[in-house]
Amino acid sequence: MCGDVYLPGYINVNMEIPDVSYLAEERPDLRDANVGIFPDRYYNRAYKDAIHNKRAVICDIYDDVRMLDKFPDDSVDEIVCIQGIEHLSYSDATAALIRWHKLLKDTGKLYLTVPDMPAVAEMYVKAVKYGYEDDIKWCYNEIYGTQRGAGDFHLSGYDRDLIRDTLTIAGYGTINFLHSFHDYPALFVEAMK
């Protein structure tokens, strides 16, 4: 799932959303404006400035990210899902993680980030206490999604235990929590087949 950051060297996949998502080959201007490097320089601009701005989703192919039917089993080295599965219900997220597990080669890895809900809650309490309006708005976005359009709603939330348990149910063996590259509360997880 690529969202609004385009990752060179990967096959960027997203659902087709009218007037929001575009194929990179058709819109190289948007691709070039949204290039990121995972995980070193994932964001190419200040992400918080984009809270209320509708940004284009740039991808190489359209596919249902829950199923990724265009890829055969045991064919993928690495899957990167940045702030994606919280846009799915718990049952859809679990089904997607099971499907992605089947897609990965034996040595394949899944990298994903999700909002760290306990840390978001702590951030919210501090923001309210000290009147940090921008942080309050940011917390709402992390809890509910930006709601700027189709797919911009959060349907699930995770803490370390829940994401670990969900990945275990989906069949992943080794699960590591890495230092998050986000500048807001997020869990960064590496899961191996």
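Of the residues G171, G145, G151, only one is out of contact with any strand residue (DSSP E or B) (no Cβ under 6 Å at 6 or more places or on another chain), open to solvent by less than 30 Å² (accessible area, probe 1.4 Å) and small (G, A, S); which?
On the way: G171 fails: open to solvent by less than 30 Å² (accessible area, probe 1.4 Å); G151 fails: open to solvent by less than 30 Å² (accessible area, probe 1.4 Å).
After ruling out the rest, the residue left standing is G145.
Can you pull out the residues in segment 165-181 that are over 12 Å from L112 (Cβ atoms) and not aromatic (F, W, Y)?
Correct list: D165, T168, I169, G171, G173, T174, H179.
How many residues does segment 140-160 hold that are free of Cβ contacts under 8 Å to residues at least 60 places away in the same chain and either closer than 15 Å to D116 by Cβ or touching an Asp or Glu at 6+ places or on another chain (Cβ under 8 Å) (or both)?
So the count comes out to 5.
State whether the residues of segment 127-138 include one that is at pLDDT below 95, farther than 27 Å from T174 by Cα, within 17 Å of the chain's Cα centre (by Cα) and not hydroxyl-bearing (S, T, Y).
yes
Consider D69 carefully, then state whether it is touching a strand residue (DSSP E or B) at 6+ places or on another chain (Cβ under 6 Å), modelled with pLDDT of 85 or more and exposed (fewer than 13 other Cβ atoms within 10 Å of the Cβ).
No.
Can you tell me how many residues in segment 73-124 are surrounded by fewer than 18 Cβ atoms within 10 Å (Cβ to Cβ) and part of a loop (DSSP other than H, G, I, E, B)?
4
Give segment 125-142 a look and list any residue that's of a type in the set (F, W, Y) and open to solvent by less than 90 Å² (accessible area, probe 1.4 Å), or say none.
Within segment 125-142, just W138 meets the criteria.
What is the one condition in (1) in contact with a helix residue (DSSP H, G or I) (Cβ under 7 Å, 6 or more places away or on another chain); (2) closer than 22 Å to M15 by Cβ that L187 does not satisfy?
(2)
Inspect segment 118-131 for any residue being acidic (D, E) and over 30 Å from L68 (Cβ atoms) and give the result as yes or no.
The answer is yes; a qualifying residue exists.
Testing K137 on (1) touching a strand residue (DSSP E or B) at 6+ places or on another chain (Cβ under 8 Å); (2) touching a residue at least 60 places away in the same chain (Cβ under 8 Å), one condition comes back false. Which one is that?
(1)
Based on this model, can you work out whether V189 counts as β-branched (V, I, T), in contact with a Phe, Trp or Tyr (Cβ under 7 Å, 6 or more places away or on another chain), under 30 Å from D19 (Cα atoms) and open to solvent by less than 30 Å² (accessible area, probe 1.4 Å)?
The answer is no for V189.
Please specify each residue of segment 134-189 satisfying the condition of being among the charged types (D, E, K, R), farther than 21 Å from Y90 by Cβ and assigned to a helix (DSSP H, G or I).
Of everything in segment 134-189, those that are among the charged types (D, E, K, R), farther than 21 Å from Y90 by Cβ and assigned to a helix (DSSP H, G or I) turn out to be D134, D135, K137.
Where residues in segment 1-59 are at pLDDT 85 or above and of a type in the set (D, E), which of them is nearest to the chain's Cα centre (by Cα)?
This residue is E16.
Scan segment 167-193 and report the pairs whose first residue is over 13 Å from W100 (Cβ atoms) and whose second residue is in a loop (DSSP other than H, G, I, E, B) and basic (K, R), with Cβ atoms within less than 9 Å and a gap of 6+ or a chain change.
G173/K193; T174/K193
Taking D64 as meeting all but one of (1) open to solvent by less than 80 Å² (accessible area, probe 1.4 Å); (2) modelled with pLDDT of 95 or more, write down the number of the exception.
Every condition holds for D64 apart from (2).
The values are calculated or read from the model by the stated rules, or taken from the named source; none is laboratory data. The model shown is predicted, which means the values in this text are computed figures rather than measured ones. Cβ sites come from the backbone with ideal geometry, for glycine too, and all protein chains shown count toward neighbours. Accessible surface is based on the protein model in full, side chains and every heavy atom, while ligands, DNA and RNA are left aside. Shrake-Rupley method; radii C 1.70, N 1.55, O 1.52, S 1.80 Å.
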